[in-house]
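The values are calculated or read from the model by the stated rules, or taken from the named source; none is laboratory data. In this text, all values refer to a predicted model and were calculated from it rather than measured experimentally. Every residue, glycine as well, gets a Cβ built from its backbone with ideal geometry; the counts of neighbours run over all protein chains shown. Heavy atoms of the whole protein, side chains included, go into the accessibility calculation; ligands, DNA and RNA do not. Shrake-Rupley method; radii C 1.70, N 1.55, O 1.52, S 1.80 Å.
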Amino acid sequence: MDVLKEISQQIQAGVQEKVADVTHRAVEAHIPPKEILDKGLIDGMNIIGEKYKAHEIFLPDVLLAAKAMYAGMEVLRPLFVKEDMPSAGKVVIGTVQGDLHDIGKNLVGIMLKGAGFEIIDLGNDVAPQEFVETAKKENASVIGMSALLTTTMQAMKCVIDHLKKEGLDGRIKTIIGGAPVSEAYAREIGADAYGYDSTNAVECVKKLIAETRR
Ligand code: B1M
């Protein structure tokens, strides 16, 4: 069987050790890490999402798949992240308040780190004021927010409103991402950028940092 298809299937089966093994095999076969991520790991999670939506599987199955996804991400992480690079800028990231989905946010963090950015990861369920206070304290140039639920995406606007209230919206740029958000939503709430995936997020953050240095 195609090794990428096998990764996707083992994610769906939620077997952490197997996902790690097959991901190692894909790396040894010199398949580019981004291809392993997109066509293996993310493909598996997307199918899990569809099956959950169709009530073919239940929440514990989704949780097992998420853990298996992390096992594969751990194998790929060193291939994306190079240590001891000079910092290209500081970025505070997190999943917004009320939202526990952190796989996409963590992928964005890995890719940004790999591109040389210093990442302060606040985790998930992050209160609006925590994003702003941390960015101020750490002198960060960008706040990156992730949301996976239609019920939590509004929290992104709270962060942006907070920044505006403190007159920081010009100095600290914002980028949003996650399945329910879009370019149009970013414009609507006044975010500076929308990243549709982790690679695109890196491109957006590079542009935002360049703007803050002008
Ligand atoms: Co939940 N869940 N979940 N879930 N879950 C979704 C999001 C859902 C769409 C499933 C469905 O019904 N089809 C649905 C949301 C419906 C809606 O709001 N419209 C849903 C629901 C309903 C729920 C619960 C409410 C279920 C319940 O309890 N009844 C509950 C909520 C808990 C909470 O947060 N308060 C819940 C719980 C969970 C688990 C804990 C079991 C688990 C999360 C585990 C974890 O993250 N550690 C989970 C999972 C895994 C999913 C699905 C299946 C997969 C999400 C994922 O990780 N995808 C998801 C279905 C789906 O999205 N298809 C679903 C892979 C990941 C790489 O993609 O996160 O989209 P994604 O990130 C992408 C891009 O979006 C982008 O780049 C990433 C890489 O390409 N991106 C950014 C993300 N953040 C970015 C930030 C950026 C830029 C780009 O800049 C800063």
Hey, GLY167 open to solvent by less than 10 Å² (accessible area, probe 1.4 Å), in a loop (DSSP other than H, G, I, E, B) and either more than 10 Å from the ligand (Cβ to nearest atom) or aliphatic (A, V, I, L, M) (or both) or not: no
Any residue that is polar (S, T, N, Q) and in contact with a strand residue (DSSP E or B) (Cβ under 9 Å, 6 or more places away or on another chain) - is there at least one of those in region 46-69? no
Checking the structure you have, find out if any residue of region 90-112 is farther than 30 Å from ASP161 by Cβ, more than 9 Å from the ligand (Cβ to nearest atom), at pLDDT below 95 and aliphatic (A, V, I, L, M). no
Given region 1-88, what helices (runs of 4 or more DSSP H) lie entirely inside it while holding 1 or more residues that are within 18 Å of the chain's Cα centre (by Cα) and away from the ligand (no atom under 16 Å from the Cβ)? 59-80
Look through THR199, THR174, THR212 and report the one residue that is in a strand (DSSP E or B) and more than 7 Å from the ligand (Cβ to nearest atom). THR174
Kindly provide the set of residues from region 129-145 that are touching an Asp or Glu at 6+ places or on another chain (Cβ under 9 Å) and open to solvent by 40 Å² or more (accessible area, probe 1.4 Å), ordered by number. LYS136, GLU138
Unmet requirement for LYS207, which otherwise passes all of (1) over 21 Å from VAL132 (Cβ atoms); (2) surrounded by 15 or more Cβ atoms within 10 Å (Cβ to Cβ): (2)
Residues GLU118, GLU183: which one is among the acidic types (Asp, Glu) and either away from the ligand (no atom under 13 Å from the Cβ) or buried (at least 19 other Cβ atoms within 10 Å of the Cβ) (or both)? GLU118
Do the conditions hold for VAL126, that is, is it open to solvent by less than 10 Å² (accessible area, probe 1.4 Å), in contact with a His (Cβ under 9 Å, 6 or more places away or on another chain) and away from the ligand (no atom under 11 Å from the Cβ)? no
Which is without any contact (Cβ under 8 Å) to a residue 40 or more places away in the chain and in contact with a Gly (Cβ under 9 Å, 6 or more places away or on another chain), of ILE48, ILE11? ILE48
Any residue at all in region 146-161 that's open to solvent by 30 Å² or more (accessible area, probe 1.4 Å), of a type in the set (Lys, Arg) and closer than 23 Å to TYR185 by Cα? yes
I want to confirm something. Restricting to region 89-115 and keeping residues that are within 16 Å of LEU149 (Cα to Cα) and open to solvent by less than 30 Å² (accessible area, probe 1.4 Å), which single residue is nearest to the chain's Cα centre (by Cα)? LYS105
